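Structure first, commentary second.
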Amino acid sequence: MNWVWFHRFGSPPYFYSVAGRIVPWLAWPAALLMVAGLYGGLVLAPPDYQQSDAARIMYVHVPAAYVGLMAYVVMAVAAAIGLVWRLKVSHAVAAACAPIGASFTAVCLVTGMLWGQPMWGTWWAWDPRLVSMLVLLFFFLGYLGLRGAIDDTARADRASAVLAVVGVVNVPIVHFSVIWWNSLHQGPSLLRKGGPAMPASMWVPLVLMIFGFTFYFYAVMLMRARAEVMRRERGGQWVREVLNATGDKP
Amino acid sequence: MSSYWAMSGYAAYVWPSVGLTVALLVANVLWARQLAREARAEARRRIASQDAS
């Protein structure tokens, strides 16, 4: 197996250039999928037989939760690769995941509250799913706080990477919290034995939204990672060449 | 049409959820672009100071 293609991503100029070319190919499918998913979910899908139109919160709440969890896994994997192989690009990718993951996790919690109040009669409950999602937010904020507190980038990379890797144990806890414990939160209704617990008119828009959010996450993450790589390499010759070649273009 | 926007009485929960999420999507793109602008500006300053010395 030839791993040279993979190793080249450890080179900042190669990463900067390839990531820049990939972003539009992620951004446009993301926009189209999200427009289709929102239309399907908010307009075409029928109201839920128990929750009526309040169930439409699902079309933003579930993808936001998904991106929060995915951002954490990508961050932890990139941090671990950065720790083991000392790849700066990998640490830049990990650092790019955290603010996106934190903001999506926060929005997941708030949209969950807006769903919980009419359906459960409470904005918040000390419930396994809700608490483990809150812990996920705290891991993101702890990661960002730790990076912010250490001036030396290489030391900040290593310290925050250890935190990111440790916190990954929380991800399966979030996922299985509704199965392991008696939770107020509903169980998996999409990927479950016997197929989705809803008709196609309801689950297809949800799947479109999840794919749209996934493309969106990788697009924004690569935008941030490129900026982070350039910030770290600002004295380098390749940065000079890139800036000369692009002029004032983004 | 107005009955659509009423969301069977759940408008106060559905629309803020959708609005917040759309704001999140827009804000993350603007935030990333801002970072890219800052990184380029800082690199230009660094290059200018290298060339000056």
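Candidates in segment A:238-250 are the residues that are within 10 Å of chain B (Cβ to nearest Cβ) and assigned to a helix (DSSP H, G or I); of these, the one that is modelled with the lowest pLDDT is A:Thr246. Number of residues in segment A:203-234 that are touching a residue at least 12 places away in the same chain (Cβ under 8 Å) and outside any helix (DSSP H, G or I): the value is 1.
When the residues of segment A:17-69 are narrowed to those that are of a type in the set (Ser, Thr, Tyr) and at negative phi, which ends up farthest from the other protein chains (Cβ to nearest Cβ)? Here the residue is A:Ser17.
Against the test of being closer than 30 Å to A:Glu241 by Cα and not basic (Lys, Arg), the options B:Ala6, B:Ala48, B:Ala12, B:Ala23 yield a single qualifying residue, B:Ala48. Only one entry in B:Tyr4, B:Tyr13 is farther than 20 Å from A:Arg226 by Cβ, modelled with pLDDT under 95 and out of contact with any Ser or Thr (no Cβ under 7 Å at 6 or more places or on another chain), namely B:Tyr4. Within chain B, the set of residues being outside any helix (DSSP H, G or I) and at the interface with another protein chain (Cβ under 7 Å from one of its Cβ atoms) comprises B:Tyr10 only. Per the listing A:Ala92, A:Ala45, A:Ala31, the residue uniquely crowded, with 20+ Cβ neighbours inside 10 Å and modelled with pLDDT of 95 or more is A:Ala92. State whether one or more residues within segment A:55-65 are assigned to a helix (DSSP H, G or I), charged (D, E, K, R) and under 22 Å from B:Leu24 (Cα atoms). Yes, some residue in segment A:55-65 is assigned to a helix (DSSP H, G or I), charged (D, E, K, R) and under 22 Å from B:Leu24 (Cα atoms). The residues on offer are A:Phe213, A:Phe217, and the sole one that is within 28 Å of A:Pro118 (Cα to Cα), crowded, with 17+ Cβ neighbours inside 10 Å and among the aromatic types (Phe, Trp, Tyr) is A:Phe213. Against the conditions (1) without any contact (Cβ under 8 Å) to a residue 60 or more places away in the chain; (2) in contact with a helix residue (DSSP H, G or I) (Cβ under 8 Å, 6 or more places away or on another chain); (3) assigned to a helix (DSSP H, G or I), A:Ala125 satisfies every one except (3). Being surrounded by 14 or more Cβ atoms within 10 Å (Cβ to Cβ) and touching a Ser or Thr at 6+ places or on another chain (Cβ under 9 Å) is the filter here, so list the residues in segment A:177-205 that pass it. Across segment A:177-205, the qualifying residues are A:Ser177, A:Ser183, A:Leu184, A:His185, A:Pro196, A:Met198, A:Trp203. Look at A:Asp127 and say whether it is more than 15 Å from A:Val174 (Cβ to Cβ) and acidic (Asp, Glu). Answer is no for this residue. The number of residues in segment A:230-242 being in contact with a helix residue (DSSP H, G or I) (Cβ under 6 Å, 6 or more places away or on another chain) and either over 24 Å from A:Arg147 (Cβ atoms) or crowded, with 24+ Cβ neighbours inside 10 Å (or both) comes to 4. Among residues of segment A:87-104 that are farther than 18 Å from B:Ala39 by Cα, those with a Cβ under 9 angstrom from a residue that is of a type in the set (Ser, Thr, Tyr) and surrounded by fewer than 24 Cβ atoms within 10 Å (Cβ to Cβ), sequence gap 6+ or separate chain, pair up as A:Phe104/A:Tyr66.
The values are calculated or read from the model by the stated rules, or taken from the named source; none is laboratory data. Here the structure is a predicted model, which means the values were calculated and not measured. Neighbour counts run over all protein chains shown; Cβ positions are idealised from the backbone, glycine included.
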